[in-house]
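This report concerns only the one structure given below.
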Amino acid sequence: MALTAQRLSKAQIAGWVVRQLVYARGIELGCCQMTRFSTSFLLVFCSVTSLAFAREPELLLDPETVIAESVHDGRLDGSISFHFFGQPTPALAARIGDASAGDHARTLGKSAQQSCRVALVEALTELQTEARASGADVIVDLRSGKGEAPMASASQVHCRTGRMMATVELRGTFAKLAGKKPAR
């Protein structure tokens, strides 16, 4: 029996490991007969996998803090301003079009919080690049999350985490500021 890329329960994984150990050692599985090695390996395996699966599935981040740190570190240049849904926005000359970006960050070797921060910065960088290309000065009404009803919050960004990746998805609107002269 080969493991497939589906979600398996801990009991299914542990059962598969026990069967592989028993078959590999040439021991017939009678009425719960196991060697000491098999038993100790199974206990260690179950404790390690339970730690590996222990992740917070969703986190909420403060976007203002992440944006300020990213501008300070030089990851964002500050030329495009980001306004989340519900925040006051400057006077707009025109709304140019819809903005959307989603990015992933690997969680291996990082905490879920760090991975979510990296994913948020990558998504904001993608939006900044698209805004410049479309001629926008600002991105307004930013919302986070996936699906028909993304989270509309001025103070929190939704991040989904898994065993391998953290994902942040943003949607908003590109806009031009009123009274700003075009760059030459």
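Just so it is clear, none of the values below were taken in a lab; they were calculated from the coordinates. The model shown is predicted, which means the values in this text are computed figures rather than measured ones.
Grouping the Cα pair distances of the stretch 78-124 into 10 Å bins from zero gives a pair-distance distribution of 21, 40, 26, 12, 1 percent in increasing distance order.
With kT/(6 pi eta Rh) evaluated at 4 °C and eta = 1.567 mPa s, and Rh the Kirkwood radius from Cα pairs, the stretch 53-172 diffuses with a coefficient of 89 µm²/s according to Stokes-Einstein.
Pairwise alpha-carbon distances in the stretch 98-159 exceed 17 Å for 45% of all pairs.
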